[in-house]
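The values are calculated or read from the model by the stated rules, or taken from the named source; none is laboratory data. Keep in mind it's a predicted model, so treat the numbers as computed, not measured. All Cβ positions, even for glycine, are placed from backbone atoms using ideal geometry, and neighbour counts span all protein chains on display.
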Amino acid sequence: MEKPVSPCISLCRLNDQDICEGCYRTSEEIRTWVYLDDDQRQNIIDSCSERAAID
């Protein structure tokens, strides 16, 4: 399994729901990213994909 890579695309702007309009992470997910293990990071990436599909 490949190591999850940050979904950041350097378009950092939080919307009214506290979700980045570039990568679809919450501000908490962005702040804690460096402390998470690979499974936790993959869970966030999956959540980001779901949020992007809704947007």
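Count of the stretch 12-55 residues, restricted to those that are in a helix (DSSP H, G or I), of a type in the set (A, V, I, L, M) and under 9 Å from the mean Cα position of the chain (by Cα), is 3.
Of the residues that make up the stretch 17-25, is at least one modelled with pLDDT of 95 or more, aromatic (Phe, Trp, Tyr) and at positive phi? Yes, the stretch 17-25 has at least one match.
Inside the stretch 24-46, residues that are touching an Asp or Glu at 6+ places or on another chain (Cβ under 9 Å) and hydrophobic (A, V, I, L, M, F, W, C) make up a count of 2. For the stretch 38-53, the candidate set comprises residues that are in contact (Cβ under 8 Å) with a residue 12 or more places away in the chain and of a type in the set (A, V, I, L, M, F, W, C); within that set, the residue that is surrounded by the most Cβ atoms within 10 Å (Cβ to Cβ) is ILE44.
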